[in-house]
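Trainee: Would you mind keeping the following structure in view while I ask a few things?
The values are calculated or read from the model by the stated rules, or taken from the named source; none is laboratory data. Just so you know, these numbers come straight off a predicted model, no measurement behind them. Cβ sites come from the backbone with ideal geometry, for glycine too, and all protein chains shown count toward neighbours. Side chains are part of the model used for accessible areas, which takes the heavy atoms of the whole protein and leaves out ligands, DNA and RNA. Shrake-Rupley method; radii C 1.70, N 1.55, O 1.52, S 1.80 Å.
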Amino acid sequence: MSIIESVGAPLITVAATLGGGWLVTTRVTDRWEQVKKSREMDLAAAQDFQRLYGEFVAVWKTWNSLTDGHTPVTTPEHVGWGCLERATAAEGQIEALMAKLAAERFLTEDEIDMLGGVRQAFKVVRRSIKQGRPIGWSSSGAEPYMAIKTLSAATSVLLSTAPRTRNGPSAAVAARNFRGITDNRHEASWIHTAQRFV
């Protein structure tokens, strides 16, 4: 038996073992990095949502303190114009977040209704400002205020929870999700939708 034969087989075995170990380690590390990045993005989305909820409340409170004249906001000179701009910006950012969720997650019908309810609740402030009327949630127990708090808490939990599957929905499912979230049926039902999450 030559030296090449006696060293060759063990050398090939060692090389195959090292190569296989490297391949497995690389794949596991890559997968872990993907999970970690996805989790960071979910937590960032949750923080964005919570910031937008804070903006929603701040605009509402500011608007209510300005509405002693109860005049519709129609021009930039109106004292409430800044509130209208902030409410519109927050509403647009909520819409973008809903599109992100629709594209990244498989959503149940309850989750679609919940997100549609949040979207409609954010519209309440803009609509009230535009019409020049205060938002009549005078106590923490007011039904619409209870509904937005419930829907916001449920949405925060959804955003803070890892998706059930690794891969997102197809484009067709994402489009169906987004159409469901943005459906006008939520205008009349968002307060009642919140009751399902109590």
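Trainee: Filter the range 38-90 down to the residues that are open to solvent by 40 Å² or more (accessible area, probe 1.4 Å) and of a type in the set (S, T, N, Q) and list them by number.
Mentor: Those that are open to solvent by 40 Å² or more (accessible area, probe 1.4 Å) and of a type in the set (S, T, N, Q): S38, Q47, Q50, T62, N64, S65, T71, T74, T75, T88.
Trainee: Just to be sure I understand, how many residues within the range 33-74 are in contact with a helix residue (DSSP H, G or I) (Cβ under 7 Å, 6 or more places away or on another chain) and outside any helix (DSSP H, G or I)?
Mentor: 2
Trainee: While we're looking at this one, here's another question. Output the qualifying pairs, or none if there are none: Cβ atoms under 7 angstrom, residues six or more apart or on different chains, first residue in the range 77-90 and free of Cβ contacts under 8 Å to residues at least 12 places away in the same chain and within 14 Å of S128 (Cα to Cα), second residue open to solvent by less than 30 Å² (accessible area, probe 1.4 Å) and of a type outside the set (D, E, K, R).
Mentor: Going by the 7 Å Cβ cut-off, the qualifying pairs are W81/V73.
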